[in-house]
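Here the structure comes first, spelled out in structure tokens, and everything after it is commentary.
Rule-based calculations on the coordinates, nothing more; no lab input. Keep in mind it's a predicted model, so treat the numbers as computed, not measured. Cβ sites come from the backbone with ideal geometry, for glycine too, and all protein chains shown count toward neighbours.
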Amino acid sequence: MDDVDVVVIGAGQAGLSAGYFLRRAGLSFVMLDRSPGPGGAWQYRWPTLTLGTAHRIHDLPGTPLGEADEHRPAAEVVSGYFADYERAHDLRVRRPVRVTAVRPGPDGRLLVEAPAVRWSTRALINATGTWHRPFRPYYPGAGTFRGRQSHTADYRGPADFAGRRVVVVGGGTSAVQALLEIAPVAAGTVWTTRRPPVWNDGVYDADRAREAVARVERRVRAGLPPGSVVSATGLARTPQVRAAMAAGVLDRRPMFDRIVPGGVAWDDGTEFAADTILWATGFRPVIEHLAPLRLREPGGGIQVLGTRAVRDPRVHLVGYGPSASTVGANRAGRVAVREIRELLAARTALGA
């Protein structure tokens, strides 16, 4: 069992940012990541998602991405960028390592457990994101459906949907991106969401970004689950989206009431015959390994002030709630390391 000042779980944008500031702070740390290679969640993005069509990729601290071909797959570009970043800043990420539990340990330390190995640490930065926990809601009749059901976590491009009749479920950016790709090759598509989509016609500027972050921050301060990013930001009405609207691809329908063997149905008697349902219903934070620390509030979330878990100041969550955006993840990594330095200095002064 290794003893360190800090264990970082996760090596996506938030984890690498934290590692950068930990290296500068001179603290001993280890970085653990469950994925097979660098790139965080980006390494799993579908090949047809190019750098030019993806959300903006913010520079990691200390080393900018620089110029990159916007026609290259985003997964390829970001994975290469993250790999170079790890080498440049000597972050030595250990992978694949799946953390199974974090428990209270002796002498005020935390025990981080993975198969066949443990670490003892004075503080923890949890940067596990959401990718490994796709959310698929239950709907009546789901088990009777004769077709194929998949989640955007498994989406590899439009070729798998050629000639099919497809229901795309979800009100986020991933649903819109998938529809734009699938509709030209599918035999038919329908888009269903729980709430009417909110479209943004203007530029997503700093004021809008701050407003979105503030909404999510209020939720985590109250101990509620963070909620989806799109619920705070809305959907961008790009020229490509406008064209799809004109073509009827983005004519949204309310959520169906049940799934039937040959498609989906609404209580008003209408049905859509389908052989494929694509659940673009988002992800949930990967925090099950923190359960032994009892950090959750009655509302179901972890109450966080800045990046610090209110129930345990040794634990910091980055890439969670208001820091889930790429630019927010950078800032959260810096804040977490600063607060951990102060915590460890205070404990050292007390002889702890």
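Return the whole-Å distance between the Cα centroid of the range 159-190 and the Cα centroid of the range 254-298.
Going from one Cα centre to the other spans 17 Å.
Of Ala291, Trp279, Thr307, which is farthest along the charge dipole of the range 263-352 in the positive direction, counting Lys and Arg as +1 and Asp and Glu as -1 at C-beta?
Thr307
In whole Å, what are the extents of the range 28-163 along the principal axes defined by its C-alpha atoms, from largest to smallest?
61, 46, 22
What order, most packed first, do the peptides 307-316, 337-346, 190-199 have when packing is the mean number of other Cβ atoms within 10 Å of each residue? Numbers along the way, then the final one.
Values: 307-316: 20.7, 337-346: 17.1, 190-199: 15.2.
Result, highest mean first: 307-316, 337-346, 190-199.
Can you tell me the FRET efficiency between Ala243 and Ala187 if r is taken as the Cβ-Cβ distance and R0 is 22 Å, rounded to the nearest 0.05?
On the way: r = 20 Å, r/R0 = 0.92.
Efficiency computed from Cβ-Cβ geometry: 0.60.
Taking the dipole about the Cα centre of the chain, with the C-beta of Lys and Arg at +1 and of Asp and Glu at -1, give me whichever of Met31, Thr348, Leu111 is farthest to the positive side.
It is Thr348.
Calculate how steeply helix 173-182 sits against the longest principal axis of the alpha-carbon atoms of the chain, using the helix alpha-carbon long axis, and give the answer as 0 to 90 degrees to the nearest 10.
40 degrees
Between Arg347 and Phe135, how high is the FRET efficiency from 1/(1 + (r/R0)^6) when r is the Cβ-Cβ distance and R₀ = 35 Å? Nearest 0.05.
Numbers: r = 38 Å, r/R0 = 1.08.
Using R0 = 35 Å, I get an efficiency of 0.40.
So if I place +1 on the C-beta of Lys and Arg and -1 on the C-beta of Asp and Glu, and nothing else carries charge, what would the dipole magnitude of the chain be about its Cα centre? I want it in debye, nearest 20. Walk me through the numbers on the way to the answer.
Values: 46 positive and 33 negative charges, 168 e Å.
That gives a dipole near 800 debye.
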